[in-house]
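Visitor: Here you go, one structure.
What follows is calculated from the coordinates using simple rules that are stated; it is not laboratory data. The shown structure was predicted, so the numbers you read here are calculated from the model rather than taken from an experiment. Every residue, glycine as well, gets a Cβ built from its backbone with ideal geometry; the counts of neighbours run over all protein chains shown.
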Amino acid sequence: MRVMAQLGMVMNLDKCIGCHTCSVTCKQAWTNRTGVEYVWFNNVETRPGLGYPRTHEDQDRWQGGWVRTSRGRLRLRAGGRVRRLLQIFSNPRLPGMSDYYEPWTYDYDTLLNAPAQADVPVARPKSLITGEPMQIRWSANWDDDLGGAPEHAPGDPVLKKLGDRVKLEFEKTFMFHLPRICEHCLNPACVASCPSGAMYKRAEDGIVLVDQDGCRGWRQCVTGCPYKKVYFNHRTGKAEKCTFCYPRVEAGQPTVCAETCVGRLRYIGLFLYDADRVLAAASVENEHDLLEAQRSVILDPEDPQVIAAARAAGIPEDWLDAARRSPVYALTNRYRIALPLHPEYRTMPMVWYIPPLSPVVDVVRDTGFDGEDSSTLFHAIDALRIPVEYLAELFTAGDPEPVGRSLRILAAMRSYMRQVNLGEELDESIAESVGMTGEQLRELHRLLAIARYDERYVIPAAHVEAGQSLEELAGCSLDYSGGPGMGGIGPFGEVSGTPASVESFHLTKQRAESDRYADLPEGRGAVDLLTWSGEAPPEGLFPPRRDNGQPGNGQAGNGQGRS
Amino acid sequence: MNTVLWVVLPYICLTSFVVGHFWRYRYDKFGWTTRSSQIYENRLLAWAGPLFHFGILGVLVGHALGLLVPESWTSAAGISEDAYHAVSVSGGTLAGLMTVTGLVLLVYRRRMTPSIFRATTVMDKAMYLLLGAVVAVGTYNTLVINLLGAGHDYRADVAVWFRSIFVFQPDAALMAGAPIAFQLHALLALGLFALWPFTRLVHVFSAPVGYLVRPYIVYRSRDPLGAARAPRRGWERVGS
Ligand code: HEM
Ligand code: SF4
Ligand code: SF4
């Protein structure tokens, strides 16, 4: 047993309202630079829908992820090492700009500078790629909320898998939102595809990163990732991807997408897993067994043997404690209601989802039945084949059983908690019918519905005793094209602004937790709203005070107390 | 004059090549990339990229054989001059034509696709100019002089001169006697070498052969250097 720690996320899809706040705040933090205009580390898809980039789940076409060979070994779907190198000069499976969308801006200048005239001037869209006027035909969420669904939804690769059984009758259709970030997989195909070895999984917390100095622009990782969550910066010629906001989680703070999520539906915590068993688990023959294999790689943080092995592997005590309190472990392995996205890609994704009950509840309610009655809901879960099978194609390689189980638990929790809230006599058989106790349903309800801040995020800070210091991003909001962060075109090509700057762990933490501007070091020109805790005026927004009083260490306003 | 062209210039250019790469690697790892343009354009590249690259790699192997292996070795191995000539001209013609076709397509694609043209730097243009000239004159030598014409045994002069540079006993007289087209090819190539480290051609030196033997999944610990590291290009601090 080789115990390793992995940061993971769980999203409770019932609560996603599709507001895209996560995408926008993520973009502001990480990808508001030239070269990555089209890049959404976090994006929110409406399902059924094409996804972003369009039809990325169609692996016959894009060849992402792993396949199991007839000899039971894993091979990159796009081909082994030799094949990858032979195809390096032109990668046949690389999505083009048109599979994402051509980013644009508007010609605002005409609005400001138009002379007095009879017609109102209009700002025409202008391509950020060619600089020419263009027609906007697609974007990262063009089919949002089923917009244009009769035309686009039939192209959804997941829907296609359901085949003839689905007649898209739109008055009867269902819809939910699926926020997606990089899965920070245990068996990442992107890392395996990178010819220069510039992509890596961090040994401490499992975050998958691209070494910007090591990347040589072979763009194989984009093909390798079945979720298409590595993007190519077309200005710098380097790959970029979701960083799990490592500068923030190192300081014990949740990622930007999680922190700003309006539905408070994201959970972040630790998994302990057995690195020696990952490959075997990812290679099980039957795709329907992948979910259980993936769960079995994750270790029970209460198990004394695991704890001993983790200590031997050098995992610090506060991390072990965090692993025991981990909300993501509770949802994936203790209550077993969270499911991984597309386990059949065999990358062992570490962002899990609680499937949405709402499509079922909506139908039940619309047909005049009681949407909080467990037996009605159970019946509907069995009867409504299409939503359940669709969810199964997403989360369990097509096996409807685990999805049905998760939905039944959610349904049971719904009706049990109604009895609790209305002070009715408690029907314990509801809990028993899904193999749980009433107490467990209450705990689950507390985690899912009340969802206190400090229960959603249990993130141990990174350890810096060894004299290590961490990089953090700072002031990227100023990195608009041609802005202070942008290097512009130099003799060797374009500089992409500053993805991260070097800063000490203590400064990050101090800034995030400080409640007084005066506590902070001066002279930084950028206003950094990302690490701003909301408790004091953001650093640098106002000129420094003259009387720079005594620098106290603001412990008061850290984010922990919020709920 | 001969000394300047065939002794001084080569050493200047090769110094630029070596020191330039060293410096670029130290100072600008962030800029060390193919700067792939495939995301802008796919269809032409699917032909142009492999044609050019397989062609030029063939050309490189040919040059290595032709320039580095002395004539005496091949004859000692029992390969007659005629046989050698046949192999080198046919191989060279094939590789040369692939390279030229690929290169023409690459340049055409770069010029005619607005998005790629917009992402083309001055360095790219200078590089293509020199690379194009080297390839053009080189193909002329192979096709017109060696295949169709009387032929010139470059292994008696150019190759010997080339090797003489690396043993620090440069022999300018050898080159002075070579045909003008061969002289031009060598001069242009020297220019390309001088420019090489400052262009996207640096990607050639990171050809990822290590990929064939390394384990699939790479683990790394958090960067222990952190703040101690001096900021490099692309990593400058914001607002400081
Ligand atoms: C040795 C292994 C080599 C590898 C693996 C390699 C790989 C690549 C790759 C991946 C690209 C980017 C293509 C794209 O997506 O736009 C590229 C471009 C290029 N390579 Fe190479 N290359 C190699 C050798 C060479 C050599 C020897 C030369 C010439 C002396 C060369 C000249 C070029 C040029 C000029 C481009 C730019 C093409 C454009 O206009 O976009 N490469 N190379
Ligand atoms: S989801 Fe993330 S870790 Fe997994 S293969 Fe894609 S980029 Fe790599
Ligand atoms: S911010 Fe939260 S609720 Fe809004 S789209 Fe993102 S995940 Fe859904």
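Visitor: Pairs, please: C-beta under 8 Å, at least 6 apart or cross-chain, first residue acidic (Asp, Glu) and in region B:141-163, second in a loop (DSSP other than H, G, I, E, B) and surrounded by fewer than 20 Cβ atoms within 10 Å (Cβ to Cβ)?
Guide: That search, which allows pairs on different chains as well, returns B:ASP157/B:GLY177; B:ASP157/B:ALA178.
Visitor: Same structure, new question: Can you name the residue in region B:199-209 that is at the interface with another protein chain (Cβ under 7 Å from one of its Cβ atoms) and not in a loop (DSSP other than H, G, I, E, B) and, of all such residues, is nearest to the chain's Cα centre (by Cα)?
Guide: The extreme case among them is B:HIS203.
Visitor: Oh, and also: For region B:18-62: of the residues being away from chain A (no Cβ under 14 Å) and crowded, with 16+ Cβ neighbours inside 10 Å, which is farthest from ligand 1 (Cβ to nearest atom)?
Guide: The residue in question is B:GLY62.
Visitor: OK, next. Give region A:64-95 a look and list any residue that's without any contact (Cβ under 8 Å) to a residue 40 or more places away in the chain and in contact with a helix residue (DSSP H, G or I) (Cβ under 9 Å, 6 or more places away or on another chain), or say none.
Guide: Result: A:GLY79, A:ARG81, A:VAL82, A:LEU86, A:GLN87, A:PHE89, A:SER90, A:PRO92.
Visitor: Do you know which residues across region B:187-215 are without any contact (Cβ under 8 Å) to a residue 40 or more places away in the chain and either crowded, with 18+ Cβ neighbours inside 10 Å or of a type in the set (Gly, Ala, Ser) (or both)?
Guide: Within region B:187-215, B:ALA207, B:PRO208, B:GLY210, B:TYR211 qualify.
Visitor: Residues of region A:13-54 being touching a helix residue (DSSP H, G or I) at 6+ places or on another chain (Cβ under 6 Å) and part of a strand (DSSP E or B), which ones?
Guide: A:ASN43, A:VAL44, A:THR46
Visitor: Among the residues of region A:226-272, write down those that are in a strand (DSSP E or B), of a type in the set (A, V, I, L, M) and away from ligand 2 (no atom under 14 Å from the Cβ). If you could, list the steps in order and put the result at the bottom.
Guide: From region A:226-272, those in a strand (DSSP E or B) are A:230-233, A:238-241, A:266-272; that's our starting set.
After this cut, where a residue has to be of a type in the set (A, V, I, L, M) as well, the list is A:230, A:239, A:268, A:270, A:272.
If the condition is that a residue be in a strand (DSSP E or B), of a type in the set (A, V, I, L, M) and away from ligand 2 (no atom under 14 Å from the Cβ), then A:ILE268, A:LEU270, A:LEU272 are the ones that fit.
Visitor: Quick one: B:ALA159 ticks every box in (1) within 21 Å of B:MET1 (Cβ to Cβ); (2) small (Gly, Ala, Ser); (3) in a helix (DSSP H, G or I) bar one, so which box is it?
Guide: With (1) within 21 Å of B:MET1 (Cβ to Cβ); (2) small (Gly, Ala, Ser); (3) in a helix (DSSP H, G or I) applied to B:ALA159, the lone miss is (1).
Visitor: Out of (1) within 14 Å of chain B (Cβ to nearest Cβ); (2) without any contact (Cβ under 8 Å) to a residue 12 or more places away in the chain; (3) more than 24 Å from A:THR31 (Cβ to Cβ), the odd one out for A:LEU186 is which?
Guide: The number of the failed condition is (2).
Visitor: So, in region A:208-227, of the ones that are in contact (Cβ under 8 Å) with a residue 40 or more places away in the chain and not hydrophobic (A, V, I, L, M, F, W, C), which residue ends up surrounded by the fewest Cβ atoms within 10 Å (Cβ to Cβ)? Before the answer, list the steps.
Guide: Just the residues of region A:208-227 that are in contact (Cβ under 8 Å) with a residue 40 or more places away in the chain, to begin with: A:212, A:218-220, A:222-227.
Still in the running and not hydrophobic (A, V, I, L, M, F, W, C): A:212, A:219-220, A:223-224, A:226-227.
Numbers: A:GLN212: 20, A:ARG219: 26, A:GLN220: 28, A:THR223: 26, A:GLY224: 27, A:PRO226: 27, A:TYR227: 24.
Residue satisfying both the conditions and the ranking: A:GLN212.
Yes/no matrix, rows are residues, columns are (1) outside any loop (DSSP other than H, G, I, E, B); (2) touching a His at 6+ places or on another chain (Cβ under 8 Å); (3) within 11 Å of another protein chain (Cβ to nearest Cβ):
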| residue | (1), (2), (3) |
| --- | --- |
| A:ARG84 | yes, no, yes |
| A:ILE88 | no, no, yes |
| A:LEU94 | no, no, yes |
| A:GLU102 | no, no, yes |
| A:PRO115 | no, no, no |
| A:ALA118 | no, no, no |
| A:VAL122 | no, no, no |
| A:THR130 | no, no, yes |
| A:ILE136 | no, no, no |
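Visitor: Give region A:329-364 a look and list any residue that's farther than 15 Å from A:MET175 by Cα and in a helix (DSSP H, G or I), or say none.
Guide: A:TYR329, A:ALA330, A:LEU331, A:THR332, A:ASN333, A:ARG334, A:PRO343, A:GLU344, A:TYR345
Visitor: Related question: May I ask you to verify whether A:ALA118 is among the small types (Gly, Ala, Ser), surrounded by fewer than 17 Cβ atoms within 10 Å (Cβ to Cβ) and without any contact (Cβ under 8 Å) to a residue 12 or more places away in the chain? Even if it seems obvious, please write down each step before you answer.
Guide: Values: among the small types (Gly, Ala, Ser): yes; surrounded by fewer than 17 Cβ atoms within 10 Å (Cβ to Cβ): yes; without any contact (Cβ under 8 Å) to a residue 12 or more places away in the chain: yes.
When the stated conditions are applied, A:ALA118 passes them.
Visitor: Restrict the check to region B:99-122 and report whether at least one residue is surrounded by fewer than 20 Cβ atoms within 10 Å (Cβ to Cβ) and either under 16 Å from B:PHE17 (Cβ atoms) or within 16 Å of ligand 3 (Cβ to nearest atom) (or both).
Guide: no
Visitor: Additional query: Give the residue that is nearest to A:TYR106 (Cα to Cα), with candidates limited to residues of region A:1-50 that are in contact with an Asp or Glu (Cβ under 6 Å, 6 or more places away or on another chain) and of a type in the set (D, E, K, R).
Guide: Ranking the qualifying residues of region A:1-50, first place goes to A:ARG33.
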